[in-house]
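Participant: Below are the structure tokens for one structure; questions will follow.
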Ligand SMILES: [Zn+2]
């Protein structure tokens, strides 16, 4: 199997998981991977991510234009392009609407609070960026700066954006983001989750730098 076909199949597999795990509803969400410096595979607009076949994916160029495929390039591709422009290390982007993480943003609850140490070590900080009209270039502008310093973020009132070295890496960050949102939801229902102490945060910060030096740090130097 050639590389492009393997990537197409990987995107479809992640699409099925997005839908099966309720991270997207109906035709929501979108996925892209970097195929070459100038070309990208991405999901088509208006198609359920749970039922895609490899041939359904679109090829787009670095200006957002369709190169090949039936249908239209995902309307959120501007946001994906902004990520690829800002992060040469990123080869995949997953955008979804995970309900618990979005509910947290509606309630003003941040996933960026240092309360779950393992999340800080494996995903890093998960900031929330302000609302931008979906499916417009506003989405790209809203995340452009912050994506330089994180691999996962919440777009207020809308959804999640996770990035990675490949499509499974980006997808697993989404799984962890939504799992953290669920854990925090339970914690808030049961009581008042406490932040880690500053000393414990400093230890984790040091550990993160040695444990995974390539990853985005959960707080600035
Ligand atoms: Zn969306």
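The values are calculated or read from the model by the stated rules, or taken from the named source; none is laboratory data. Since the model is a prediction, treat every value here as computed from it, not as a measurement. So basically every Cβ, Gly included, is an ideal-geometry build from the backbone, and we count neighbours across all protein chains shown.
Participant: If only one of 185, 207, 196, 190 is in contact with a helix residue (DSSP H, G or I) (Cβ under 6 Å, 6 or more places away or on another chain) and more than 23 Å from residue 16 (Cβ to Cβ), which one is it? Give the derivation first.
Facilitator: Values: 207 fails: in contact with a helix residue (DSSP H, G or I) (Cβ under 6 Å, 6 or more places away or on another chain); 196 fails: in contact with a helix residue (DSSP H, G or I) (Cβ under 6 Å, 6 or more places away or on another chain); 190 fails: in contact with a helix residue (DSSP H, G or I) (Cβ under 6 Å, 6 or more places away or on another chain).
The conditions single out 185.
Participant: Hey, another quick one. Quickly run through the range 134-151 and pick out the residues that are within 17 Å of residue 86 (Cα to Cα) and either away from the ligand (no atom under 15 Å from the Cβ) or surrounded by fewer than 16 Cβ atoms within 10 Å (Cβ to Cβ) (or both). Outline the logic, then answer.
Facilitator: Taking the range 134-151 and keeping what is within 17 Å of residue 86 (Cα to Cα), we get 137-151.
Result: 137, 138, 141, 144, 145, 146, 147, 148, 149, 150, 151.
Participant: From the list 26, 72, pick out the single residue that is within 16 Å of the ligand (Cβ to nearest atom) and more than 19 Å from the chain's Cα centre (by Cα). Before the answer, list the steps.
Facilitator: On the way: 26 fails: more than 19 Å from the chain's Cα centre (by Cα).
None of the others qualify; the one that does is 72.
Participant: Next question. Of the numbered conditions (1) at pLDDT 95 or above; (2) surrounded by fewer than 17 Cβ atoms within 10 Å (Cβ to Cβ), residue 75 satisfies every one except a single condition; which is it?
Facilitator: (1)
Participant: State all residues of the range 13-28 that are assigned to a helix (DSSP H, G or I) and touching a strand residue (DSSP E or B) at 6+ places or on another chain (Cβ under 9 Å); if no residue qualifies, say none. Give the derivation first.
Facilitator: Looking only at the range 13-28, we keep the residues that are assigned to a helix (DSSP H, G or I), and these are 13-20.
Listed by number, the residues that qualify are 14, 15, 18.
Participant: Looking at the range 156-176, which of its residues are without any contact (Cβ under 8 Å) to a residue 60 or more places away in the chain and within 16 Å of the ligand (Cβ to nearest atom)?
Facilitator: 156, 157
Participant: Do you know which residues across the range 85-133 are touching a residue at least 40 places away in the same chain (Cβ under 8 Å), over 14 Å from residue 161 (Cβ atoms) and within 13 Å of the ligand (Cβ to nearest atom)?
Facilitator: Result: 99, single match.
Participant: While we're looking at this one, here's another question. Only one of (1) in a helix (DSSP H, G or I); (2) touching a helix residue (DSSP H, G or I) at 6+ places or on another chain (Cβ under 6 Å) is not met by residue 31, so which one is it?
Facilitator: Evaluating residue 31 over (1) in a helix (DSSP H, G or I); (2) touching a helix residue (DSSP H, G or I) at 6+ places or on another chain (Cβ under 6 Å) leaves (1) as the failure.
Participant: When you scan the range 83-92, do you find a residue that is closer than 22 Å to residue 179 by Cα and surrounded by 18 or more Cβ atoms within 10 Å (Cβ to Cβ), even just one? Break it down stepwise before answering.
Facilitator: Start the filter on the range 83-92 by keeping residues that are closer than 22 Å to residue 179 by Cα, which leaves 92.
Filter again for surrounded by 18 or more Cβ atoms within 10 Å (Cβ to Cβ), leaving 92.
Looking for residues that are closer than 22 Å to residue 179 by Cα and surrounded by 18 or more Cβ atoms within 10 Å (Cβ to Cβ), one finds at least one in the range 83-92, hence yes.
Participant: So which residues in the range 110-129 are more than 19 Å from residue 14 (Cβ to Cβ) and out of contact with any strand residue (DSSP E or B) (no Cβ under 9 Å at 6 or more places or on another chain), if there are any at all?
Facilitator: 113, 114, 115, 116, 117, 118, 119, 120, 121
Participant: If we keep just the residues of the range 34-69 that are touching a residue at least 40 places away in the same chain (Cβ under 8 Å) and either part of a loop (DSSP other than H, G, I, E, B) or within 13 Å of the ligand (Cβ to nearest atom) (or both), which is surrounded by the most Cβ atoms within 10 Å (Cβ to Cβ)?
Facilitator: Out of the qualifying residues, it is 57.
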